[in-house]
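Read-outs: derived from the displayed coordinates by stated rules, not from any lab. Nothing here was measured: the structure is a model prediction, and the numbers come from that model. Every residue, glycine among them, receives a Cβ derived from its backbone with ideal geometry; neighbour counts consider all protein chains shown.
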């Protein structure tokens, strides 16, 4: 995008903001080649509904199947790298007094790009915990293909540290996200469908507390009518241009 394409009011608010909050969804990761949750159901996994795999019931019923599916999903994440949108958000964090990144993504690409203050609402797929006690586990005994490894501390089955269907969000992460939304001067809503709650409620909460809400998404969403500014472009295109327009003299 051309830097001249941005409304002057948006640029002013970014420059004057004491606290900018970014909420990111699957769209920004899709630009790095990570398929969205349902788009990933290809090949051997095409016959499975992801909601039947990403659940506590599925883990209890067939832990080996769930483990194998997530091992495959982890392989997709390992092949990906942060894109220009991720890097622009990391640059923005260095340019403002306070910056909070709230993400629905579980791939860790924001941290790889250099973002420091990241709230992972849905966990991190590359982190492993046990089902019973949530021990964080980095090494485990190998198991035959089709089986799931177990926790070396308590013996329960291992799983990725992500939020399954039917599970609550991590309380500390949710509380931190709510607090960030209530103190934001500007909230950037980037690549999210706006239908997954409670994350989808954060832009409305921010606006209730006086924030200027900016939607960055190629497609309209249920949050579009809420936005004060809408940028119909991919994050990798809009965000670098937005940083350049708002902070033209900075070395980002």
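For this structure, a couple of remarks:
- Between 0 and 90 degrees, the angle of helix 84-95 with respect to the longest Cα principal axis of the chain falls at about 60 degrees.
- Size check on the stretch 44-85: the Cα extents along the three principal axes, sorted descending, read 40, 19, 16 Å.
- The modelled label-to-label distance for the pair residue 95/residue 219, using points 7 Å beyond Cα in the direction of Cβ, is 2.9 nm.
- The chain: relative contact order in percent, alpha carbon pairs under 8 Å with at least 6 residues between: 26 percent
- Taking the C-alpha atoms only, the angle from helix 235-246 to the longest principal axis of the chain is near 40 degrees.
- Here residue 76 and residue 175 are evaluated by their C-beta separation; at R0 = 35 Å the FRET efficiency comes out at 0.70.
- Principal-axis tilt of helix 171-182 within the chain, Cα atoms, nearest 10 degrees: 10 degrees
- The chain: proportion of alpha-carbon pairs further apart than 31 angstrom, %: 27 percent
- Ranked by how many other Cβ atoms sit within 10 Å of their own Cβ, fewest first, the residues 29, 115 fall in the order 115, 29.
- Comparing 200, 148, 132 in a Gaussian network model of the chain, where Cα atoms under 10 Å apart are tied by springs, the biggest mean-square fluctuation is seen for 132.
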